[in-house]
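*Asks:* The structure is given below, and queries will be raised subsequently.
The values are calculated or read from the model by the stated rules, or taken from the named source; none is laboratory data. Everything numeric in this text was worked out from a predicted model, so none of it was measured. So basically every Cβ, Gly included, is an ideal-geometry build from the backbone, and we count neighbours across all protein chains shown. The area values use the complete protein model at the heavy-atom level, side chains included, leaving out ligands, DNA and RNA. Shrake-Rupley method; radii C 1.70, N 1.55, O 1.52, S 1.80 Å.
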Amino acid sequence: MFSACGNKPKNTKAEQDYQRAARFFVADESFSPIINEALDVFRYHVPLDTLEAQYTNEQDAIRQLLELKTWLAFTSRDFTAKERKNLEDRRYLPRTIPIAYDGLALIVNNANPDTCISVRDFKRILKGEVSQWSDLYPTSKLGNIDVTFDNPLSSTIRWCVDSLLHGQEMKAPNIGAVKTSTAVIDYVEHHVNAIGIIGSNWLNDQRDTTNVTFKKNIRVMKVSKLETATPQNSWQPYQYYLYNGNYPLIRTIYALLNEPRSGLPSNFAHFCRLPKGQLIIQKAGLLPIQAGTNVRDIFVNYRDD
């Protein structure tokens, strides 16, 4: 009689399917540095439970969410109207939780002296309207512009196509993709004519806790909203320039949630939006959605002696 009064969930196939999907979440690989940091802290506060991260491309992450293989996916876009309706028709409740802003960084080889570029010229590269570095910088002797993305199905490519090219196909003659953001950095480091496109959360030199030092093995380009880029009107994807809107290539990181109950995936998604999770994002160099950012003017007096 006593055993019959317990509240333990029945071991039905539906329960087994739920538990299987609740053991992990998926995320676009370009967000792995910041997601790993948040997950480490979350696990510290929830030590008796396990939640694993699986990193893949954005299209695969959303596919797994729609197929109910996972309840949580981190992406750079919201559900489409069709995707949301598909889940709602199956009596699920899809939710979207924005957690951070990320700058899309353009990186070049250390031997490349030209590190200012306009959004207009970057679009021209992707469209194939210019294919030589000398087309943008007349004195350049670097030859072909070798465009390198992290993954053919990544959020990085999709964002460029949707937000910069407005759905047009990329036609750059020397365009390719490796497998990971780390591979993009490695490729650019060893190819003098390359330009790589990665999330800015991959740039920070971990030895600098202030997040104002980028990796030394590549150069981060300054990007301008104006047609002609100069050092004075171009900006790198530092946290403050994401905050004030100076840096033009900004995307939102979303937690897409479809869990039918409040379990570990839901708890982690909301943790990323709570003050402790937002502080982790801020310390990692990205811009938290709930940015409690204090900006102070600093005046430096120089003395001749």
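*Asks:* Just to be sure before I move on: is A111 hydrophobic (A, V, I, L, M, F, W, C), touching a Ser or Thr at 6+ places or on another chain (Cβ under 9 Å) and open to solvent by less than 70 Å² (accessible area, probe 1.4 Å) in the structure I sent? Before you say what the answer is, go through the steps one by one.
*Replies:* Working: hydrophobic (A, V, I, L, M, F, W, C): yes; touching a Ser or Thr at 6+ places or on another chain (Cβ under 9 Å): no; open to solvent by less than 70 Å² (accessible area, probe 1.4 Å): yes.
Considered against the rule, which asks whether it is hydrophobic (A, V, I, L, M, F, W, C), touching a Ser or Thr at 6+ places or on another chain (Cβ under 9 Å) and open to solvent by less than 70 Å² (accessible area, probe 1.4 Å), A111 comes out as no.
*Asks:* Looking at the range 222-251, which of its residues are open to solvent by less than 30 Å² (accessible area, probe 1.4 Å) and part of a strand (DSSP E or B)?
*Replies:* Residues satisfying the conditions are V223, S224, R251.
*Asks:* Being under 17 Å from N36 (Cβ atoms) and among the acidic types (D, E) is the filter here, so list the residues in the range 47-75 that pass it.
*Replies:* Passing the criteria: only E52.
*Asks:* If you don't mind, another one. Among the residues of the range 144-165, which ones are part of a loop (DSSP other than H, G, I, E, B), open to solvent by 30 Å² or more (accessible area, probe 1.4 Å) and either at pLDDT 95 or above or hydrophobic (A, V, I, L, M, F, W, C) (or both)? First the steps, then the outcome.
*Replies:* Pass one, the range 144-165, residues part of a loop (DSSP other than H, G, I, E, B): 145, 150-154, 165.
Restricting the remaining residues to those that are open to solvent by 30 Å² or more (accessible area, probe 1.4 Å) gives 151-153.
Answer for the range 144-165, where residues must be part of a loop (DSSP other than H, G, I, E, B), open to solvent by 30 Å² or more (accessible area, probe 1.4 Å) and either at pLDDT 95 or above or hydrophobic (A, V, I, L, M, F, W, C) (or both): just L153.
*Asks:* Among the residues of the range 154-161, are any polar (S, T, N, Q) and without any contact (Cβ under 8 Å) to a residue 60 or more places away in the chain? Spell out the reasoning first.
*Replies:* Step one: list which residues in the range 154-161 are polar (S, T, N, Q), which gives 154-156.
From what's left, without any contact (Cβ under 8 Å) to a residue 60 or more places away in the chain: none.
The answer is no; no qualifying residue exists.
*Asks:* Between A61, A73, which is part of a helix (DSSP H, G or I) and of a type in the set (A, V, I, L, M)?
*Replies:* Going through A61, A73 in turn, just one is part of a helix (DSSP H, G or I) and of a type in the set (A, V, I, L, M): A61.
*Asks:* Looking at (1) part of a helix (DSSP H, G or I); (2) at pLDDT 95 or above, which one does T182 not meet, given that it meets all the others?
*Replies:* Just one mismatch for T182, condition (2).
*Asks:* Which numbered condition in (1) touching a helix residue (DSSP H, G or I) at 6+ places or on another chain (Cβ under 6 Å); (2) aliphatic (A, V, I, L, M); (3) under 30 Å from I35 (Cβ atoms) is the only one that L142 fails?
*Replies:* Failing condition for L142: (3).
*Asks:* Could I ask something else about it? If I filter the range 24-47 down to residues being of a type in the set (A, V, I, L, M) and under 20 Å from L274 (Cβ atoms), which single residue comes out as farthest from the chain's Cα centre (by Cα)? So that I can check it myself, show each step before the final result.
*Replies:* The initial filter retains those residues of the range 24-47 that are of a type in the set (A, V, I, L, M), namely 26-27, 34-35, 38-39, 41, 46.
Those still in the list that are under 20 Å from L274 (Cβ atoms) too: 27, 34-35, 38-39, 41, 46.
Numbers: A27: 10, I34: 9, I35: 10, A38: 14, L39: 16, V41: 19, V46: 25 Å.
Result: V46.
*Asks:* Among the numbered criteria (1) modelled with pLDDT of 95 or more; (2) more than 22 Å from the chain's Cα centre (by Cα); (3) farther than 26 Å from N193 by Cα, which single criterion is violated by R63?
*Replies:* The number of the failed condition is (2).
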